[in-house]
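A.B. asks: Starting off with a structure, shown below.
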Amino acid sequence: MLKILRHYWHFIKNPSDRRLWPIHPSARTKVFFTIFLLDVSILILIFPIYMLIDYINPMVSTMDNTFETPWNVFWMGVIFVPLVEEILFRFLIKYKGFYGFIISRNTWRKYYRWIFYSSVILFGFVHLGNFDNNNFLFYFLSIFIVLSQLIGGISLGFIRVRINFFAAFLQHALWNLMAFSLGLVIIQLNNPLIKLNENHIQLEVNESNFRDRSIEKFDMISKNDRIYKLDIKQYALAEVIDSIYGKDKYQVYDIYLNLKLETQQGISKDSLLQELQKELTILEKSEE
């Protein structure tokens, strides 16, 4: 393992697109999983950075309905997206025969560092599109926001050129599968997100892993800007906030949730918002 890590470090300092020799299946497997475990270890180490950034400048993102069902998550997140990203960012970083019409092999080697790290930077910063933030601090911190993707771009590039394209795709798919699976576990362990039972107010909010439209429900009883009952099932947070407070007034980090509120005395919309903001990212949109 140490030999592989040393080789990887030399690659980072001076990348080249030569393949591993000998190319024995067991050697490929060892390299594949060593780099994967290294990335997992780095993610654990840098995770506090993401927590700090989210505290300083909360991330907001609208839910993509493509990921409503387990099948869609697997197909899009674990198969389709990794395949497309590997084709776009890694397929062409190994010298091809037809490149000779454009660039010689010697010139390719001479400038390969720039070619390789250009693909890494593009891969990293394209992931800023995962968020809806659009302020100076967001872009100022952007290199830290996509730090995991930048590191992943180096590792996937290493796997692509040292083993092959399919190995890079497989590692990318495995990484996304791990991330989604871990997210599902965290959601289950973190429920209920909010549970309040005081001052004649009963409020419970639970996050859903996926969305089941067959049991969707949105019941609300309100009067004079006070809410007396909410019974919401399988709605996105953005839809809930838009329905209660008006469209395009707030930005959220979107999730699917079930929300139940009961109170005979009623609760003001502002007070409800304050309770939700204790655990959920809900930001008032700034005036343009």
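A.B. asks: Working with all protein chains in place, sort K260, K3 by solvent-accessible area computed with a 1.4 Å probe, largest first.
C.D. replies: K3, K260
A.B. asks: Same structure again: If the reach is capped at under 22 angstrom between alpha carbons, list the lysines near K94, excluding any in the same chain fewer than eight residues apart.
C.D. replies: K13, K30, K110
A.B. asks: Solvent-accessible area per residue for the chain at a 1.4 Å probe radius, Å²?
C.D. replies: Per residue, the chain has an accessible area of 59 Å².
A.B. asks: Below 17 Å, Cα to Cα, which lysines can K223 reach? Residues fewer than 8 away in the same chain don't count.
C.D. replies: K269
A.B. asks: Something else: Restricting to the chain, what percent of DSSP beta bridges are antiparallel, rounded to 5?
C.D. replies: 95 percent
A.B. asks: Could you work out the mean projected area of the convex hull around the alpha carbons of region 240-288, in square nanometres to one decimal?
C.D. replies: 4.0 nm²
A.B. asks: Now for a separate question. Using packing as a proxy for protection, rank 100-106, 228-234, 8-14 so that the peptide with the highest average count of other Cβ atoms within 10 Å comes first.
C.D. replies: Highest to lowest by the protection proxy: 228-234, 8-14, 100-106.
A.B. asks: Another question, then. Kindly provide the helix-only [θ] at 222 nm of the chain, computed as the sum of -39,500 (n - 2.57) over DSSP H runs of four or more divided by all residues, to the nearest 500 deg cm²/dmol?
C.D. replies: Counting only the DSSP helices, I get -15500 deg cm²/dmol.
A.B. asks: Take each of the peptides 47-53, 140-146, 176-182, 249-255, average the number of other beta-carbon atoms within 10 Å over its residues, and list them starting from the highest.
C.D. replies: 249-255, 140-146, 176-182, 47-53
A.B. asks: Quick one: with all protein chains in place, what share of the accessible area of the chain is carbon or sulfur, to the nearest percent (1.4 Å probe)?
C.D. replies: 61 percent
The values are calculated or read from the model by the stated rules, or taken from the named source; none is laboratory data. All figures in this text were calculated on a predicted structure; none of them were measured in a lab. Cβ: placed from backbone, ideal geometry, glycine included. Neighbour counts: every protein chain shown. Just so you know, the surface numbers come from the protein's heavy atoms only, side chains and all, with ligands and any DNA or RNA stripped out. Shrake-Rupley method; radii C 1.70, N 1.55, O 1.52, S 1.80 Å.
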